[in-house]
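Novice: Take this structure first; my questions come after.
The values are calculated or read from the model by the stated rules, or taken from the named source; none is laboratory data. The model shown is predicted, which means the values in this text are computed figures rather than measured ones. Cβ placement follows ideal geometry from the backbone for every residue including glycine, while neighbour counts extend to all protein chains displayed. When the accessible area is computed, the model is the full protein with side chains, heavy atoms only, and any ligands, DNA or RNA have been set aside. Shrake-Rupley method; radii C 1.70, N 1.55, O 1.52, S 1.80 Å.
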Amino acid sequence: MNDTSVEVDVNPQIHPTIEVLVQLAPLLGEIFPDDVTIGVCDLNTLWGTVPGKTFSLGLTPGYQITPGDGMYEAVHSGKPTKTFVPKEVFGVPIMACSIPVHDRNGEVIGAIGAGASMERYTYLSSVALNLSSSIEQISASIQELAASVNVLSNNMADIFVQSSEVLSSINEIKKLSERVRGISDTTKILGLNASIEAARTGEIGKGFSVIAQEVRKLASDAKSQTEGIAQSVYAIEQLIRRLSESISVVNQETESQSAATEQFASAIQTLSQNAADLAKYAESIISGE
């Protein structure tokens with residue numbers, strides 16, 4: 001840690017305004033909330049310097065300002081300057097700002113400069129960029145998940161429709177089975193009547209009696225088979241009804257999940273935009289724009 005005592009080269013040739021600024025330099029350093037170094041110069045020479053709390057530029061009073069120095073440019077252009085100095089130069093990234101100092105006649109007599117450590121801001125920028133990148137990846141994953149859920153929801157809706165169609169087909173089979181049972185009952189009655197008539201006709205009706213017996217047997221077999229089909233159809237119908245109910249519940253859940261996922265994706269996109277804005281803002285602080 002460096003102290004904030006000002007280094008002054010007392011020289012009677014220093015302009016009084018520059019000398020006052022040299023004396024005020026430590027107080028100016030305390031005004032800034034950031035870690036800053038302060039320098040004061042006339043047209044050629046650095047007369048006062050206050051190191052930062054955690055860094056120093058290594059310049060001492062008497063240093064001759066040269067082209068490329070922010071204060072040199074401010075003195076010779078008569079305009080404020082702002083320069084970003086990378087970490088490799090002084091060990092910490094610095095934003096150096098200098099403004100020309102004028103006398104009462106408006107003539108440039110020197111400059112005062114402040115160099116602020118940008119280490120916290122570069123760290124903020126790094127965190128913001130990493131956050132933005134991570135959230136973008138999460139956003140992409142959420143978008144894929146939302147698309148997958150939508151596909152699942154659509155498929156479940158199709159399955160529900162198809163199961164309803166199967167139930168409709170089973171109902172048609174039930175109706176057909178009932179008609180076959182009716183035909184069987186009718187055929188059985190006709191066979192019974194034919195047997196009675198064959199018995200009345202004696203020898204002549206024996207052949208007809210055999211046919212009537214076969215008809216009754218066929219009717220009984222048809223009825224038996226029809227009842228078996230009806231039982232199977234009923235069992236299948238119950239299974240499909242339960243499946244349809246389950247599909248309906250799943251379909252509702254997938255629709256709800258799809259809506260929730262879309263809302264979450266929207267929130268992640270907003271967060272991603274905020275992170276990108278934060279990263280952009282941090283970069284603007286570092287660049288001084």
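Novice: Need one number: nm distance between label points at S168 and T270, each 7 Å from Cα along Cα→Cβ, rounded to one decimal.
Specialist: 4.3
Novice: For region 56-97, what does the accessible surface come to per residue with a 1.4 Å probe? Please give it in Å².
Specialist: On the way: 2400 Å² over 42 residues.
Result: 57 Å² of accessible area for each residue.
Novice: If each of D277 and I159 carries a label point 7 Å out from its Cα toward its Cβ, how far apart are those two points in nm?
Specialist: 4.2
Novice: Taking the inverse of the average 1/r across all pairs of different Cα atoms in region 85-142, what Kirkwood radius in Å do you get? Mind showing how you got there, number by number?
Specialist: Numbers: mean 1/r = 0.0684 Å⁻¹.
After inverting the pairwise mean of 1/r, the radius is 14.6 Å.
Novice: Could you calculate the contour length gain from D185 to L24, that is, 0.36 nm times the residue separation minus the distance between their Cα atoms, to one decimal place in nm?
Specialist: Fully extending the segment from D185 to L24 adds 46.1 nm.
Novice: Sticking with this structure for a sec: Could you work out what % of the accessible surface of region 29-172 is carbon and sulfur, using a 1.4 angstrom probe and leaving DNA, RNA and ligands out of the count? Could you put the intermediate results ahead of the total?
Specialist: Working: 4380 of 7710 Å².
So the carbon and sulfur contribution to the accessible surface is 57 percent.
Novice: Whose amide H sits under 5 Å from the amide H of M118, counting only residues 5 or more places off or on another chain, with H placed in the peptide plane?
Specialist: I94, M95
Novice: Another question, if that's okay. At each listed q (0.10, 0.11, 0.14 Å⁻¹), what is the log10 of I(q)/I(0) that the Debye formula gives for region 1-151 modelled as equal alpha-carbon point scatterers?
Specialist: -0.44, -0.49, -0.68
Novice: Residues in region 17-52 near a label at L59, defined as backbone nitrogen under 13 Å from the 7 Å Cα→Cβ point?
Specialist: Under cut-off, by backbone N: 37-52.
Novice: Moving on. Once you put a point 7 Å from the Cα of A140 and another 7 Å from the Cα of S284, both along the Cβ direction, what distance in nm separates them?
Specialist: Each label point lies 7 Å from its Cα, and together they span 2.7 nm.
Novice: Another question, then. Can you give the extra length, in nm with one decimal, that the chain gains between S246 and L43 once fully stretched, where that is 0.36 nm per residue apart less the Cα-Cα distance? Kindly include the intermediate steps, with their values, before the conclusion.
Specialist: Values: separation 203, 0.36 × 203 = 73.08 nm, distance 8.69 nm.
Full-extension gain reported as 64.4 nm.
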